[in-house]
Amino acid sequence: MVNNTVFAGYHVKISCDVIKSDAVVGKTCNFTITPRDMNGKQLGVSAIPVEVILNDPDNRNVVTTTDDNGDGTYMAKYKPQREGKHHATVTLYSTPIEGSPYIIDVKPSKKIKCDVYTNARVVNMDCTTTIRYLADCDDMEALPALVRDPGSRPVETRITTKHEVTFRPTKVGRHEIVLNKYGAPADCNPYIIDVMDTKGQWEVGRNGVNNAEFNQPVGVTVDKKGNVLVADFGNKRIQILDSNGKYIDQILLDSERPTGVAMAPNGNIVVVVFYTKRVHIYSENREKIKQFTYKEFVKPYGVTVNSKGHILVADPKAHYIFVFTSDGDFVMKIGKEEGEGKLNHPAFVAAGRNDDVIVSDSRHGLAVFTERGQFI
């Protein structure tokens, strides 16, 4: 864009062309100033005292440098921190030229795309978050990072390298890390970090057939009391352990090998058997209530139950998630034959927030659908 103005100098009339480049928050921007004589001819001389004063939308001064290009033109450089209309006052011989100040409309920077990975998530230990940028960010410089603890209080952080942020959590629970660049949040915001206390962890079991021993454990779930239920495939049973890993009880499956186990909101235990294509339902007291199958089952494997009590069964051979009522009546199947939403060997399924359906398969890694089966 060219703006022609006239300056009444001390000796002769001078006009200026001001050519502005696109301006974006956080980027180094510039505009070129070309002094001309009264006939429009470029002066072609250097050392003319050209000065630029730039103010942001709040009338705060923006640092600006003006370079003599050596060819009779001058380049003003600046790095805006705010979006919106900026005012650039250009002076020659300390006098503003006609048409000044010029309006520069600074655009917001694009949302920064990034992947975030956090290693150790243990209370009172250093936790390092690595940020891999997927889109343009000036020189890939480090993004300011704000970490909040479960009480929304800020946690002290330090930048260890350009792509790493380290902090030491003092509380157990959900932490949030927010990345921000000149008012443009990263698309991963907020990134959730679940900080745990290793004092609460335990290991249990070894290969075997006795209590608290396992032979190919597959599925696992936790009941409302904190008890852990394990689908012990090779031993044809569901083992139940307390929250400290101590054996409580077991459900024997009459020579059937379970692969999936899940808890229903009413306390019922739902078990999927791979080979016989059956879904078993047990009461909270481990008494058999019923079982069912479905004509389209090929090799049902994983299972979950959503907040409404619907049973979702992952069938990696059928390439679908099958949904049933709590009584075993078919509701629908999730997945498409082609295109977006097609599943490839979905082995496990979980119910997320708002009963979203989260599926692990060999095509997506994780695929997410709405409760009604719409691919997200």
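The values are calculated or read from the model by the stated rules, or taken from the named source; none is laboratory data. Keep in mind the model is a prediction, meaning the values are calculated, not measured. A quick note on method: Cβ atoms are made from the backbone with ideal geometry, for glycine too, and the neighbour counts reach across all protein chains shown. What goes into the accessible areas is simple: the full protein's heavy atoms, side chains included, and nothing from ligands, DNA or RNA. Shrake-Rupley method; radii C 1.70, N 1.55, O 1.52, S 1.80 Å.
On the basis of being open to solvent by 50 Å² or more (accessible area, probe 1.4 Å), in a strand (DSSP E or B) and at negative phi, does V298 make the cut?
Judged against the criteria, V298 is not a match.
Hey, does the stretch 69-77 have a residue that's touching a residue at least 40 places away in the same chain (Cβ under 8 Å), under 15 Å from C29 (Cα atoms) and open to solvent by 70 Å² or more (accessible area, probe 1.4 Å)? Show your work before the answer.
Kept after step one, since they are touching a residue at least 40 places away in the same chain (Cβ under 8 Å), are these residues of the stretch 69-77: 73-77.
From what's left, under 15 Å from C29 (Cα atoms): 74-77.
Subset that is open to solvent by 70 Å² or more (accessible area, probe 1.4 Å): 77.
Checked against the condition, which is being touching a residue at least 40 places away in the same chain (Cβ under 8 Å), under 15 Å from C29 (Cα atoms) and open to solvent by 70 Å² or more (accessible area, probe 1.4 Å), the stretch 69-77 yields at least one hit.
Can you list residue pairs whose Cβ atoms sit under 6 Å apart, with the first residue in the stretch 140-155 being modelled with pLDDT of 70 or more and the second being among the polar types (S, T, N, Q) and open to solvent by less than 50 Å² (accessible area, probe 1.4 Å)? Count only pairs 6 or more apart in sequence or on different chains.
Close Cβ pairs (under 6 Å, with a partner that is among the polar types (S, T, N, Q) and open to solvent by less than 50 Å² (accessible area, probe 1.4 Å)) amount to A145/T157; V147/T157.
What do you reckon, is E340 of a type in the set (D, E, K, R) and in contact with a strand residue (DSSP E or B) (Cβ under 6 Å, 6 or more places away or on another chain)?
Considered against the rule, which asks whether it is of a type in the set (D, E, K, R) and in contact with a strand residue (DSSP E or B) (Cβ under 6 Å, 6 or more places away or on another chain), E340 comes out as yes.
Would you tally the residues in the stretch 306-331 being within 27 Å of the chain's Cα centre (by Cα), farther than 15 Å from A367 by Cβ and open to solvent by 20 Å² or more (accessible area, probe 1.4 Å)?
Of the residues in the stretch 306-331, 1 are within 27 Å of the chain's Cα centre (by Cα), farther than 15 Å from A367 by Cβ and open to solvent by 20 Å² or more (accessible area, probe 1.4 Å).
Yes/no matrix, rows are residues, columns are (1) under 24 Å from V222 (Cβ atoms); (2) of a type in the set (A, V, I, L, M, F, W, C):
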| residue | (1), (2) |
| --- | --- |
| P316 | yes, no |
| I321 | yes, yes |
| V331 | no, yes |
| P346 | yes, no |
| S360 | yes, no |
| E371 | yes, no |
| Q374 | no, no |
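Looking at (1) over 30 Å from E83 (Cβ atoms); (2) at pLDDT 80 or above; (3) of a type in the set (D, E), which one does E176 not meet, given that it meets all the others?
(1)
Considering (1) touching a strand residue (DSSP E or B) at 6+ places or on another chain (Cβ under 7 Å); (2) closer than 28 Å to F214 by Cβ; (3) of a type in the set (D, E), say which one E284 fails and leave the rest.
Among (1) touching a strand residue (DSSP E or B) at 6+ places or on another chain (Cβ under 7 Å); (2) closer than 28 Å to F214 by Cβ; (3) of a type in the set (D, E), the lone unmet condition for E284 is (1).
What number of residues in the stretch 27-67 are open to solvent by 50 Å² or more (accessible area, probe 1.4 Å), over 28 Å from P108 (Cβ atoms), of a type outside the set (A, V, I, L, M, F, W, C) and touching a strand residue (DSSP E or B) at 6+ places or on another chain (Cβ under 6 Å)?
The total comes to 4.
Kindly indicate the residue of the stretch 78-106 that is modelled with pLDDT of 85 or more and loosely packed, with under 14 Cβ neighbours inside 10 Å and also farthest from K41 (Cα to Cα) among those meeting that condition.
K85
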